[in-house]
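Every number in this text was worked out from the coordinates using simple rules, so none of it is lab data. Since the structure is predicted, the reported quantities are computational estimates derived from the model, not experimental observations. Note that each Cβ is placed from the backbone with ideal geometry, even for glycine, and that neighbours are counted across all protein chains shown.
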Amino acid sequence: MRRLLFLLPILIVAALVAAFWRGLDPARDPSALPSALVGKAAPAVDLPGLAEGAPRLNLAAFKGKLIAVNFFASWCLPCRAEHPFLKQLTAEFGVPVIGIAWKDKPAASRAFLAELGDPYAATGADENGRTGIDFGITGVPETFLVDQNGIVRYRLAGPVTPDGLQNALAPAITEARK
Amino acid sequence: MIPELGHYALVLALVMALAQASLPMIGAARGIRPWMQLAKPAALAQFAFVAFAFLALMNAFATSDFSVAIVTQHSHSQQPLIYKLSGTWGNHEGSLLLWVLILTIFGGLVALFGENLPPRLKARTLAIQAMISIGFLLFMLLTSNPFARLDPAPLEGEELNPLLQDPGLAMHPPMLYLGYVGFSIVFSFAVAALIDGKVDAAWARWVRPWCLLSWTFLTGGIVLGSWWAYNELGWGGWWFWDPVENASFMPWLIGTALLHSALVVEKRDALKSWTILLSILTFGFSLLGTFLVRSGIITSVHAFAQDPTRGVFILALLTIAIGAPLTLYALRAPTLRGGGLFAPLSREGALVMNNLLLATMAATVLLGTLYPLLLDLTTGGTVSVGMPFYAATFIPLALPLLLLMAIGPFLGWKRGDVKGALQRLIAAAIAALGAAIIAIWMKTGGSLLAPLGLFAGVWLLVGTAIEFMERVRLFDRSAARILTRMRHTPRAAYGMSLAHFGLAIAVIGMTGAAAWKTENIKVLRPGESLSLQGYEFKLDKVGGVRGENYLADQAHFIVSSGGNVIANLYPERRQYLVQPMPTTEAAIRSTPLADLYAVIGEPDGKGGWTVRIYHEPLVSWIWFGALIMVAGGLTSLSDRRYRVGAPVRAGATQTAKA
């Protein structure tokens, strides 16, 4: 029994190493997780608007347009990193971005946008994280491409980077527009 | 030419490391003295070669030699010299070279100053240290050559990431690495002791200064990083539970536990196998951090260039470096016999609790860091890991630890008088309760955080002060007797008091900054003003300024309180010439009670600017407290018993030498 106790550390490390090994599989892109949602209708979104006095955010209002739904939070560092590229998503590809502030105090999210600039066509506050759960996000930032018919076409977990924009989102956008 | 020499020096360092890892180890097993003695010159030569390589790389950065690939990627001829130099470690390859440099510095220090170590232990420790070097030198030479050339050489470089162009961050990596790579030598000592099969008070005494030194650097490094985030990221925060911050925080937690458990080994000859395990794990966490940051397995803003081959290499290194000692541990540790018995309520008992809490805290942080990855690999389910997770798991563990910290030093070894200790802490309890009541009275939106945090901080602050006063019996009538007692108090005791005191101050600061931070935000035109907590921030004007390698919009705020001007703040929004990323430079007026913090955001195109102001109570206490903790570490390090070493052993080495 006592001997087993001394074996415990090495067993835990072995389990971790096995997990890391799988995590390093080159086929696994940490930012392109498969999502059960891809190919299915996007969950309904009905959230209070983020800006003061803004109307509620309802995804149904965007039917007929290809949009990107971006989950962010003011406490999330990668969200800062991806921020400049969200604007590019609209400017270069003509895709309006809907921002959902996830598990964040609305005042903090507003401050975040005021500081960095607001790249979003519309924003909603998902303070208790319910909508995030509906979308199955594993954290922030995450971005979903939702097509004209309200079907999720692509999911990008992690920040939007120049590389991700050109090599992952751009093809998905072209595909969705066909 | 110099870069090639640098590269060649790395190869020579590898050869030295191979010699240092093998011959002294065999010598120690077979009792061949000259082979054991080889460890010292080999360690020094290895250090010299790596230092040469490091200087060669630094020279390439200083002279903007764009034929070297990483100089092109991370430097620019117009960059200020300090950021050219700090660019040396502002990238994957260069920081890896810094990593190895520090590894060899510690090996060299033990070779030079380890005269009182038993020759066998010293030879084995240096051999283990060299094995780590071999792994990392191979990693560098095979996958991440810092001296790779570009042909043809570009005329200009791509500039260091503007966020990294900050004096705090220039110093942060060397300090942090001195801390967590420093624990490598503790690791080597532990593995050498496992091979030796002997862990005793003398071993703990040899290890403790190295442990203290690394801990002190690590504390300083973490705080510098946090201070940088506060100043540079421009949103008034100082800790974000980012995976990379966690990577340095986990070794700190386990290292702190180690510092305390090594004390039990030294004084009471107990907790031996646990201490060995902590020594292995502290460095294990350092390696884990290196792996997480450099493999790209977890997304973080700090991550270096992602490359799966590197990830596989470090994973292999990690597996060998942690797996082999832990296997040895599973075999050998059960045979380590603990000497000292103790009652649960005793100094040892309190230190065991301290260790359990710290280890659980580290496990919590590890879980929070890896959870997204582990869940993704298993089910792909949903999880949120951010501030809310740590607030719910980490703080409930930290509070009892802080309460315990004030009591522990009052308890005697073997068997402690808890009732007596609590009686002596009555003043601390009253003060803490008072602080908590004030916190409730000041209202914090119903959160219990402020009263609990202040209670714990003040309790520890006053408790530590009482312990020190009792030690020197400050209320003695004779000042001379007090002075004599102060002189005879070991430096280690001063060190402990300072470190605990510093932590108490930092905790009060963290509580204040977390609970009472207020902010205001508005689009202002020059001439308009914004108020917060009775302060009026008037935007006087916004003008363009030019730095060495950036253009900036600089705002001028006149801050007044009750009609009196109390400060002029000049926050900037910088646009660097090469990289298209705007950065904010916050302007901060710091006072002991609160910081006033102003940031200027985007112009609205109609003559107005987004302006954010923060009022951050007590935030400077965090840095001040941390500074005291570092001072505590250094004070303890100067304790006499580490300078003279264990007397019996010293005698033994003398004879051995003769």
Practice problem: Could you give the size of the charge dipole of segment B:1-139 about its Cα centre, using +1 on the Cβ of each K and R and -1 on the Cβ of each D and E, expressed in debye and rounded to the nearest 20? | Solution: 640 debye
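How many percent of Cα pairs in the protein assembly as shown exceed 47 Å?
26 percent
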Self-check item: Isolated Cys residues of the protein assembly as shown, judged by Cβ distance under 4.7 Å to other cysteines
Solution: B:C211
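Too long at a 20 Å Cα-Cα cut-off: which of B:K522/B:K606; B:K198/B:K267; B:K267/B:K414; A:K105/B:K517; A:K63/A:K105?
Violating the 20 Å limit, Cα to Cα: A:K63/A:K105.
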Quiz item: Within a Cβ distance under 9 Å of B:P3, other residues only, what is the Lys/Arg minus Asp/Glu net charge?
Solution: -1
Practice problem: Hey, can you grab everything whose amide H is under 5 Å from the amide H of B:I566? Only 5+ residues off in sequence or another chain; H modelled, so Pro and N-termini drop out. | Solution: B:V559, B:S560, B:S561
Self-check item: Distant-in-sequence amide H partners of B:G601 (H built 1.01 Å from N, under 5 Å)
Solution: B:T610, B:V611, B:R612
Quiz item: Residue by residue through segment A:75-81, which ³J(HN,Hα) values in whole Hz follow from phi under the Karplus form 6.51 cos²θ - 1.76 cosθ + 1.60 (θ = phi - 60°), with glycine and proline marked x?
Solution: 8, 9, 5, x, 4, 5, 5
Quiz item: Given only helices, namely DSSP H runs of n ≥ 4 each adding -39500 (n - 2.57), what is the per-residue ellipticity at 222 nm of chain B, to the nearest 500 deg cm²/dmol?
Solution: -22000 deg cm²/dmol
Quiz item: Which one of B:G563, A:L57, B:F147 is farthest out on the positive end of the charge dipole of the protein assembly as shown, using unit charges on Cβ (Lys, Arg +1; Asp, Glu -1) and the Cα centre as origin?
Solution: B:F147
Quiz item: What's the center-to-center distance, using Cα atoms, between segment B:588-637 and segment B:388-422 in Å?
Solution: 30 Å
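With charges only on Cβ, +1 for K and R and -1 for D and E, what is the dipole size of the protein assembly as shown about its Cα centre, in debye, rounded to 20?
Value, rounded to 20: 3560 debye.
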Practice problem: Give a residue-ordered list of calculated ³J(HN,Hα) values for segment B:557-567 (Karplus: 6.51 cos²θ - 1.76 cosθ + 1.60, θ = phi - 60°; whole Hz; x for Gly, Pro). | Solution: 9, 9, 9, 10, 9, x, x, 9, 6, 10, 7
Quiz item: Counting other C-beta atoms within 10 Å, which of B:M16, B:M387, B:M581 has the fewest, and how do the rest follow?
Solution: B:M581, B:M387, B:M16
Quiz item: Taking Cα centroids, how far is segment B:510-576 from segment B:1-71 in Å?
Solution: 50 Å
Quiz item: Rounded to the nearest 20 Debye, what is the dipole magnitude of segment A:35-133 about its Cα centre when Lys and Arg each give +1 and Asp and Glu each give -1 at the C-beta?
Solution: 240 debye
Practice problem: May I ask you to list the residues of segment B:126-165 whose amide nitrogen lies under 20 Å from a point 7 Å from Cα along the Cα→beta-carbon direction of B:T327? | Solution: B:127-136
Exercise. Give me a single rounded figure for A:5-16: the average over its residues of other chain Cβ atoms within 10 Å of their Cβ.
Key: 6
Quiz item: If you stretched the chain out fully between B:Q423 and B:A51, how much longer would it get, using 0.36 nm times the residue separation minus the C-alpha to C-alpha distance?
Solution: 128.4 nm
Quiz item: How far apart, in nm, are the 7 Å Cα→Cβ label points at B:M486 and A:K65?
Solution: 7.2 nm
Self-check item: Potential lengthening between B:R589 and B:V11 on full extension [0.36 nm per residue; Cα-Cα distance subtracted]
Solution: 203.1 nm
Quiz item: Sorted from fewest to most neighbouring beta carbons within 10 Å, what does the list B:H556, B:H260 look like?
Solution: B:H556, B:H260
Exercise. Determine, from the Cβ-Cβ distance of B:A343 and B:Q37 and an R0 of 45 Å, the FRET efficiency 1/(1 + (r/R0)^6), rounded to the nearest 0.05.
Key: 0.50
Quiz item: When Cβ neighbours within 10 Å are restricted to other protein chains, what is their mean count per residue of peptide B:367-374?
Solution: 3
Self-check item: FRET efficiency for A:R130 and B:L577, using Cβ-Cβ distance with R0 set to 35 Å, rounded to 0.05
Solution: 0.20
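Neighbouring Cβ atoms within 10 Å as the yardstick, rank B:M1, B:M250 fewest first.
If I rank by nearby Cβ atoms, fewest first, I get B:M1, B:M250.
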Self-check item: Estimated distance in nm for a label pair at A:K105 and B:M353, the labels positioned 7 Å out from Cα along Cα-to-Cβ
Solution: 3.3 nm
Practice problem: State, to one decimal in nm, how far the label point of B:K267 lies from the label point of A:L7, with both points 7 Å from Cα in the Cβ direction. | Solution: 3.6 nm
Self-check item: 11 Å cut-off, amide nitrogen to a point 7 angstrom out along B:D540 Cα→Cβ, residues in segment B:570-608
Solution: B:570
Quiz prompt | Modelled FRET efficiency - R0 30 Å, B:D476 with B:L627, Cβ distances, 0.05 increments | solution = 0.45
Quiz prompt | Of B:V578, B:G453, B:T484, farthest towards positive along the dipole that unit charges on Lys, Arg, Asp, Glu beta carbons give segment B:446-581 | solution = B:T484
